[in-house]
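The values are calculated or read from the model by the stated rules, or taken from the named source; none is laboratory data. Computed from a prediction, not measured in an experiment: that's the story for all the values here. All Cβ positions, glycine included, derive from the backbone under ideal geometry; neighbour counts span all protein chains shown.
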Amino acid sequence: MPEAEGSGRTPQGVPYSELPHIVNADGQHLFCRYWEPEGPAKALVFVVHGAGEHCSLYDDVAHILTQHSLYVFAHDHVGHGQSEGERMNIKNFQIYIRDCLQHVDLIRARYPNLPIFILGHSMGGAISILTACERPQDFTGVVLIGPMIQMSQETATPFKVFVAKVLNHMAPNLCIGSIDPKFVSRDPKQVQKYESDELVYHGGIRVSFAMQMMAASNRIETELPNIAWPFFILHGSDDKLCDIRGSHLMHDQAKSTDKKIKVYDGAYHALHHDLPETAELVLQDVITWITERLPIPSGP
């Protein structure tokens, strides 16, 4: 299991020496998770979590993927979960992408002949898109669940954007709202689980963080016409946290010949944790899409 030398403790007080982790280019420890299949792996799947989340929220998803001979790996982004860094605050969105590429390179060195897929949710979708844009030749495909692509027209009106820019200079740490747990899933059990998870960030979103998200969204919109890599977007029709119009925009504008979008009627934001029947269908759709793109084993 890849691990880097270093000292220090998680925000929860656990020594990193006792946990799987990497150390990023800024010297910060990032907590990592690895899920290995029982037999030989057919592909690697890098899971990229969303804003305020942590990678252990994908434990159930990863276990199902491993049953299909997929090796799954992930880390908590800087300022999230058990990783170092100021909670949900970052000076440049590019840090997330840089750290993802570092982790991918580490695992690819161990499994040089296996195809790599990215699976990103919400803000993790934005990170996944920009990561794949930087290294399009490295990834066999990208799966995006309720991705953050375009800021909603309601939250990013020209006036609100102007106010946010002014506040970013005057009071960058001012909080301008928070993620409402009731919009994460239609399943009350999943909402309760999210609300009671101490590793999830339940505080306010700073102006400076919102500006980084906006910058990432603008960068994605610029990249869309250049995207040629295979992707599969899954989005809930009633997602109130990430605008579905962004997903349709990506599907329409990308020049990829292998692209697919599927909308789940009535579903909320975290499709993989929505009502059990929806979550089960979503995971089956993801597995089918990935396995259809695996290389066919050569004969004896």
- Task: Identify all residues within segment 3-61 that are part of a helix (DSSP H, G or I) and either basic (Lys, Arg) or touching a strand residue (DSSP E or B) at 6+ places or on another chain (Cβ under 8 Å) (or both); write none if there are none.
- Result: Tyr16, Cys55, Ser56, Tyr58, Asp59, Val61
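This table checks each residue for (1) modelled with pLDDT under 90; (2) among the aliphatic types (A, V, I, L, M); (3) surrounded by 18 or more Cβ atoms within 10 Å (Cβ to Cβ).
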residue: Glu84; (1), (2), (3): no, no, yes
residue: Phe93; (1), (2), (3): no, no, yes
residue: Gly120; (1), (2), (3): no, no, yes
residue: Ala126; (1), (2), (3): no, yes, yes
residue: Thr155; (1), (2), (3): yes, no, no
residue: Lys160; (1), (2), (3): yes, no, no
residue: Lys182; (1), (2), (3): no, no, no
- Query: Of the conditions (1) out of contact with any Phe, Trp or Tyr (no Cβ under 6 Å at 6 or more places or on another chain); (2) crowded, with 20+ Cβ neighbours inside 10 Å; (3) assigned to a helix (DSSP H, G or I), Arg108 fails just one. Which one is it?
  - Reply: (2)
- Count of residues meeting criterion [touching a helix residue (DSSP H, G or I) at 6+ places or on another chain (Cβ under 9 Å) and touching a residue at least 40 places away in the same chain (Cβ under 8 Å)] in segment 195-205: 5
- Residues of segment 174-205 classified as under 22 Å from Gln82 (Cα atoms), among the aromatic types (Phe, Trp, Tyr) and assigned to a helix (DSSP H, G or I), total: 1
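Here's the yes/no breakdown for (1) of a type in the set (S, T, N, Q); (2) farther than 20 Å from Asp60 by Cβ:
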{"position": "Lys240", "(1), (2)": "no, yes"}
{"position": "Arg245", "(1), (2)": "no, yes"}
{"position": "Leu249", "(1), (2)": "no, yes"}
{"position": "Ser256", "(1), (2)": "yes, yes"}
{"position": "Gly266", "(1), (2)": "no, yes"}
{"position": "Leu271", "(1), (2)": "no, no"}
{"position": "Leu281", "(1), (2)": "no, no"}
{"position": "Thr288", "(1), (2)": "yes, no"}
- Query: Can you tell me how many residues in segment 73-103 are without any contact (Cβ under 8 Å) to a residue 60 or more places away in the chain, farther than 25 Å from Ser178 by Cβ and out of contact with any His (no Cβ under 9 Å at 6 or more places or on another chain)?
  - Reply: 1
- Task: Would you check which residues across segment 33-72 are out of contact with any Asp or Glu (no Cβ under 9 Å at 6 or more places or on another chain), in contact (Cβ under 8 Å) with a residue 60 or more places away in the chain, under 20 Å from Leu106 (Cα atoms) and not small (Gly, Ala, Ser) and list them?
- Result: Lys42, Leu44, Val45, Phe46, Val47, Val48, Leu70
- Query: Given the residues Val207, Val263, Val282, which is the only one that is β-branched (Val, Ile, Thr) and under 23 Å from Val72 (Cβ atoms)?
  - Reply: Val282
- Query: Which condition number in (1) closer than 19 Å to Val48 by Cα; (2) out of contact with any Asp or Glu (no Cβ under 9 Å at 6 or more places or on another chain); (3) buried (at least 18 other Cβ atoms within 10 Å of the Cβ) is the one that Arg219 fails?
  - Reply: (3)
- Message: Being of a type outside the set (D, E, K, R), within 27 Å of Thr291 (Cβ to Cβ), assigned to a helix (DSSP H, G or I) and touching a residue at least 40 places away in the same chain (Cβ under 8 Å): is that true of Gly120 here?
- Response: no
- Item | Residue check, Val191 under 27 Å from Val78 (Cβ atoms), hydrophobic (A, V, I, L, M, F, W, C) and modelled with pLDDT of 95 or more | yes
